[in-house]
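Student: One structure coming up, written as structure tokens, with questions to follow.
The values are calculated or read from the model by the stated rules, or taken from the named source; none is laboratory data. Since this is a predicted model, take the numbers as computed values, not measurements. Note: ideal-geometry Cβ built from the backbone for every residue, glycine included; neighbour counts use all protein chains shown.
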Amino acid sequence: MTQRHYLTSDDLSMSGQVLSCTRTDDGQYEVVLAATLFHPQGGGQPSDPGTIGDANVLRVSQVDDQVVHMCDREVPVGDARIEVSSAARSLHARLHSAGHLIGFCGEQFGWRAVKGHHWPGEARVVFEPDGDPREMTGDIIEQQVNGHVDAGLSRAVLLDGDKRTVGFGSLPAYSCGGTHVASTADIGKIKISKVKEKKGQVWVYYDLEQ
Ligand SMILES: [Zn+2]
């Protein structure tokens, strides 16, 4: 079972231990580490790029209880330097945290977030009615979520066995395995690019100012 340090730590580099490196049919290498800093794709968040030794990490996935790093070259078994791309991690964390704030905003208007897709360029949160839904406009959502950004609410991560929740300040915490900013101020200004109704659902598309 791969230890997943990204669940409790923001560290982007460490000395790691390569347990196995297996060539795949398409000429890439599946690398398994004893412990990883790489967030695997899932939960609406893309995987972290970076390096393991001299190899570039192209994709990371969770396979049963192992985190598998797909690399572009072979990595020797044993000690290796592990580095996660700070630019990509920061962008993914800001987008994911913004998604949580939008989810909370929807709840205030009688909607429940049923799906979050926090990918650069295509980020969105999908809502379904929950109780007595009221109309949400892009302006209203922007005003609310950017109020939470301005307030600089601190992240609170609670890990209890397999259960992990992430909250900000006194806002309700959500069950989540993703990476998040330490303070909502780190998200920067959130832009709501589109609010669309589709078969009873509301799709809220968003982006970050820079
Ligand atoms: Zn989440």
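Student: Across region 164-203, what is the total count of residues that are assigned to a loop (DSSP other than H, G, I, E, B), polar (S, T, N, Q) and away from the ligand (no atom under 16 Å from the Cβ)?
Tutor: Here the count works out to 1.
Student: Against the condition touching a residue at least 60 places away in the same chain (Cβ under 8 Å), more than 15 Å from the ligand (Cβ to nearest atom), among the acidic types (D, E) and surrounded by fewer than 23 Cβ atoms within 10 Å (Cβ to Cβ), how does E128 come out, does it pass?
Tutor: Judged against the criteria, E128 is a match.
Student: G200 is checked against (1) touching a residue at least 12 places away in the same chain (Cβ under 8 Å); (2) within 27 Å of S9 (Cβ to Cβ) and fails just one. What number does that condition carry?
Tutor: In the conditions (1) touching a residue at least 12 places away in the same chain (Cβ under 8 Å); (2) within 27 Å of S9 (Cβ to Cβ), G200 misses (2) alone.
Student: Okay, moving on. Does W111 count as under 25 Å from D11 (Cβ atoms), in contact (Cβ under 8 Å) with a residue 60 or more places away in the chain and either under 17 Å from the mean Cα position of the chain (by Cα) or buried (at least 17 other Cβ atoms within 10 Å of the Cβ) (or both)?
Tutor: Criteria not met by W111.
Student: For R81, indicate whether it is in contact (Cβ under 8 Å) with a residue 60 or more places away in the chain, surrounded by fewer than 17 Cβ atoms within 10 Å (Cβ to Cβ) and not polar (S, T, N, Q).
Tutor: In short, yes.
Student: Further question: Which of the following residues is among the β-branched types (V, I, T), more than 25 Å from H5 (Cβ to Cβ) and surrounded by 16 or more Cβ atoms within 10 Å (Cβ to Cβ): V181, V204?
Tutor: Step by step, each of V181, V204 is checked, and only V204 is among the β-branched types (V, I, T), more than 25 Å from H5 (Cβ to Cβ) and surrounded by 16 or more Cβ atoms within 10 Å (Cβ to Cβ).
Student: Follow-up question, since we're still on this one. Do you know which of the residues in region 133-168 that are small (G, A, S) and out of contact with any helix residue (DSSP H, G or I) (no Cβ under 7 Å at 6 or more places or on another chain) is modelled with the lowest pLDDT? Outline the logic, then answer.
Tutor: Filtering region 133-168 for residues small (G, A, S) gives 138, 147, 151-152, 154, 156, 161, 167.
Filter once more, keeping what is out of contact with any helix residue (DSSP H, G or I) (no Cβ under 7 Å at 6 or more places or on another chain): 138, 147, 154, 156, 161, 167.
Values: G138: 97, G147: 98, S154: 98, A156: 96, G161: 86, G167: 97.
Checking each candidate, the answer is G161.
Student: Is one or more of the residues making up region 1-8 over 30 Å from V114 (Cβ atoms), without any contact (Cβ under 8 Å) to a residue 60 or more places away in the chain and either in the same structural domain as H117 (by TED's automatic domain parsing) or not aliphatic (A, V, I, L, M) (or both)?
Tutor: There is at least one residue in region 1-8 that is over 30 Å from V114 (Cβ atoms), without any contact (Cβ under 8 Å) to a residue 60 or more places away in the chain and either in the same structural domain as H117 (by TED's automatic domain parsing) or not aliphatic (A, V, I, L, M) (or both).
Student: For the structure I just gave you, tell me whether Q62 is outside the structural domain of V126 (by TED's automatic domain parsing), touching a residue at least 40 places away in the same chain (Cβ under 8 Å) and touching a Gly at 6+ places or on another chain (Cβ under 8 Å). Explain how you work it out, then say what you get.
Tutor: Working: outside the structural domain of V126 (by TED's automatic domain parsing): yes; touching a residue at least 40 places away in the same chain (Cβ under 8 Å): no; touching a Gly at 6+ places or on another chain (Cβ under 8 Å): yes.
No, not satisfied.
Student: I need a count of the residues in region 1-45 that are surrounded by 13 or more Cβ atoms within 10 Å (Cβ to Cβ), among the polar types (S, T, N, Q) and within 15 Å of the chain's Cα centre (by Cα).
Tutor: Here the count works out to 2.
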